[in-house]
1. Could you tell me the relative contact order of the chain? Use alpha-carbon pairs under 8 Å, at least six residues apart, and round to a whole percent.
2. What accessible area per residue comes out for the chain, rounded to a whole number of Å², with a 1.4 Å probe?
3. Run the dipole for the chain about the Cα centre, Lys and Arg Cβ at +1, Asp and Glu Cβ at -1, nothing else charged, and hand back the magnitude in debye, nearest 20.
4. What FRET efficiency, computed as 1/(1 + (r/R0)^6) with R0 = 35 Å and r the Cβ-Cβ distance, is obtained for HIS31 and TYR65, rounded to the nearest 0.05?
5. What's log10 of I(q)/I(0) for the chain at q = 0.21 Å⁻¹, Debye sum over Cα points only, no solvent?
6. Taking Cα atoms, how many degrees apart are the long axis of helix 52-61 and the longest axis of the chain, rounded to 10 and kept between 0 and 90?
7. 7 Å from Cα along Cα→Cβ at both SER18 and LYS38: what's the point-to-point distance in nm?
8. Tally Lys and Arg at +1 and Asp and Glu at -1 over the other residues with C-beta under 11 Å from the C-beta of VAL48: what net charge comes out?
Amino acid sequence: MCKLKTHSGTKKRFRMSSTGKILRAYAFKKHNLRKRSKDMKRASRGTVVMHASDAKIIRRAFIPYGLA
């Protein structure tokens, strides 16, 4: 059987933690930051663990070998 390719966009947007959970960045942090409050910008630094139901979709469809 052929090797499966990982979705290129997924490689750039998500990472797997060592325990197999999917990490994602916070939304709304790329542009138009002058509209956002300082509290929102400070709270959305770094990464967060993705919700289990959303992570299941990402893991099945876009990360074929990320079934840990």
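The values are calculated or read from the model by the stated rules, or taken from the named source; none is laboratory data. The structure displayed is predicted, hence computed values, not measured ones. Glycine also receives a Cβ, built like all others from the backbone with ideal geometry; neighbour counts cover every protein chain displayed. Accessible surface areas use protein heavy atoms only, side chains included; no ligands, DNA or RNA. Shrake-Rupley method; radii C 1.70, N 1.55, O 1.52, S 1.80 Å.
1. Values: 56 pairs, mean separation 27.1, N = 68.
Answer for the chain is 40 percent.
2. Numbers: 5860 Å² over 68 residues.
Computed with neighbouring chains in place, this is 86 Å² per residue.
3. On the way: 20 positive and 2 negative charges, 81 e Å.
It works out to roughly 400 debye.
4. On the way: r = 33 Å, r/R0 = 0.94.
It comes out at approximately 0.60.
5. -0.89
6. Here the helix axis deviates by roughly 50 degrees.
7. Here the answer is 3.6 nm between the modelled labels.
8. Details: positive: LYS21, ARG24, ARG45; negative: none.
Taking every Cβ under 11 Å from that of VAL48, the sum is +3.
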